[in-house]
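The structure appears right after this line, and notes come after that.
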Amino acid sequence: MAAVEIDLGKLPFDIDFHPFDHLVAAGLITGDLLLYRYNADSPAQKLLEVKAHSESCRTVRFINEGRAIVTGSPDCSILATDIETGSEIVRLENSHGAAVNRIVNLTESTIASGDDEGCIKVWDTRQRSCSHSFNAHEEYISDITFAADSMKLLATSGDGSLSVCNLRSSKIQTRSEFSEEELLSVVIMKNGRKVICGTQSGTLLLYSWGFFKDCSDRFVDLSPNSIDALLKLDEDRVITGCENGLISLVGILPNKIIQPIGEHSEYPVERLAFSHDRKYLGSASHDHLLKLWDLNELVQDSEDGAKNDSSAEDSDNDGMDVDDNIPKSSKGSKKKNGNKGPDPGSSNNFFAEL
């Protein structure tokens with residue numbers, strides 16, 4: 001089916017939709033932040049184009065009920081931009097000691113950021129401070145998701161492992177054994193019982209909650225195309241974005257490709273996101289396009305098949321978290337700078353002006 005296409009002009013690294021308005025933001029390889037208003041009946045309207053960073057703009061998120069956008073960059077800064085004026089609200093020059101690769105929303109008042117050296121930080125927008133810092137990985141943080149009921153952050157990394165960080169205890173609770181491949185994306189499914197990770201080889205790794213040391217299942221049908229983006233549709237189905245340009249709807253337990261639902265020719269899909277009303281699926285790709293797909297049309301043909309199969313359950317004994325020790329890397333001593341402490345020069349007043 002046809003999608004609404006927005007030509008961004010350059011390679012996009014991330015997209016995010018406004019929490020209640022018909023707005024979508026994109027961060028580009030040039031360091032630019034773009035903001036568009038979209039609707040089904042007319043071409044998208046560019047509202048803002050801001051030179052947010054001196055290097056690429058790798059990650060974007062709306063914060064403060066959509067009044068501002070935060071962006072992260074290899075220049076190590078996190079910037080907050082006013083969406084009405086495009087003006088800089090505040091810039092934290094040394095937010096991390098390495099390139100900021102990922103920012104995700106946790107709650108209405110907290111976000112998490114991950115960098116290229118495996119550090120994850122949690123920022124509290126009400127207390128206007130960095131509330132947590134975890135040196136969780138040895139390589140770049142590729143993705144982060146949040147289990148709100150247990151207050152745990154799950155992160156994937158280029159070092160081939162999955163980590164669980166406990167915000168209540170401010171400790172790294174556990175880390176999986178090292179995979180032979182980079183982990184690129186992560187979602188929580190099956191009502192919190194399963195964690196799904198996308199990998200560089202195109203394999204989906206399934207972990208049972210509480211048993212994170214090793215995966216309980218592998219789904220290889222998307223191989224050999226790396227799974228760069230995962231987006232949870234519901235408890236039984238996930239949308240995958242792969243390096244071959246295909247966007248697919250995949251069932252989890254039973255594991256199967258339900259159907260391809262979109263494409264970007266043969267250009268890698270960099271990011272997937274839902275609009276606030278879940279009417280649109282947004283996909284950003286190396287073809288410089290942001291495509292807005294009608295989500296209802298995409299999935300209507302697959303509803304019956306996936307729902308009928310959802311009663312199939314796995315037999316893993318899903319219990320409470322039992323693996324609390326952090327394993328040493330099977331790849332040997334690979335840390336670039338040893339044990340990293342707090343970043344010198346970093347500020348805890350990032351949101352003081354928000």
Of those in the stretch 205-238 that are in contact with a Phe, Trp or Tyr (Cβ under 9 Å, 6 or more places away or on another chain), open to solvent by 20 Å² or more (accessible area, probe 1.4 Å) and part of a strand (DSSP E or B), the residue nearest to Asp149 (Cα to Cα) is Leu231
From the option list Ser302, Ser283, single residue qualifying as at pLDDT below 95, surrounded by 14 or more Cβ atoms within 10 Å (Cβ to Cβ) and either over 23 Å from Thr145 (Cα atoms) or not charged (D, E, K, R) (or both) is Ser302
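Could you list all residues from the stretch 141-199 that are of a type in the set (Asp, Glu) and more than 23 Å from Val220 (Cα to Cα)? So that I can check it myself, show each step before the final result.
Step one: of the stretch 141-199, the residues of a type in the set (Asp, Glu) are 143, 149, 159, 177, 180-182.
Once the filter is applied, which keeps residues that are of a type in the set (Asp, Glu) and more than 23 Å from Val220 (Cα to Cα), the stretch 141-199 yields only Asp149.
Working carefully through the options Gly202, Gly241, Gly198, find the one that is out of contact with any Phe, Trp or Tyr (no Cβ under 7 Å at 6 or more places or on another chain), assigned to a loop (DSSP other than H, G, I, E, B) and open to solvent by less than 10 Å² (accessible area, probe 1.4 Å).
Details: Gly241 fails: assigned to a loop (DSSP other than H, G, I, E, B); Gly198 fails: assigned to a loop (DSSP other than H, G, I, E, B).
Testing whether each residue is out of contact with any Phe, Trp or Tyr (no Cβ under 7 Å at 6 or more places or on another chain), assigned to a loop (DSSP other than H, G, I, E, B) and open to solvent by less than 10 Å² (accessible area, probe 1.4 Å) leaves just Gly202.
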For the stretch 111-124, state whether one or more residues are within 26 Å of His18 (Cβ to Cβ), open to solvent by 10 Å² or more (accessible area, probe 1.4 Å) and not in a strand (DSSP E or B). no
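Do we find that Gly66 is touching a strand residue (DSSP E or B) at 6+ places or on another chain (Cβ under 9 Å) and surrounded by 20 or more Cβ atoms within 10 Å (Cβ to Cβ) in this structure? Working first, answer last.
Details: touching a strand residue (DSSP E or B) at 6+ places or on another chain (Cβ under 9 Å): yes; surrounded by 20 or more Cβ atoms within 10 Å (Cβ to Cβ): no.
Taking the combined requirement at face value, the residue does not satisfy it.
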Per the filter on the stretch 28-63, residues touching a Gly at 6+ places or on another chain (Cβ under 7 Å), in a strand (DSSP E or B) and open to solvent by 10 Å² or more (accessible area, probe 1.4 Å) are Leu48, Val50, Lys51
With the first residue restricted to the stretch 205-229 and required to be hydroxyl-bearing (Ser, Thr, Tyr), and the second required to be part of a loop (DSSP other than H, G, I, E, B) and modelled with pLDDT under 95, Cβ contacts under 6 Å at 6 or more apart or on different chains are Ser208/Asp316; Ser208/Asp318; Ser216/Asp316
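The values are calculated or read from the model by the stated rules, or taken from the named source; none is laboratory data. The structure displayed is predicted, hence computed values, not measured ones. A quick note on method: Cβ atoms are made from the backbone with ideal geometry, for glycine too, and the neighbour counts reach across all protein chains shown. Surface accessibility is based on the protein's heavy atoms, side chains included, excluding ligands, DNA and RNA. Shrake-Rupley method; radii C 1.70, N 1.55, O 1.52, S 1.80 Å.
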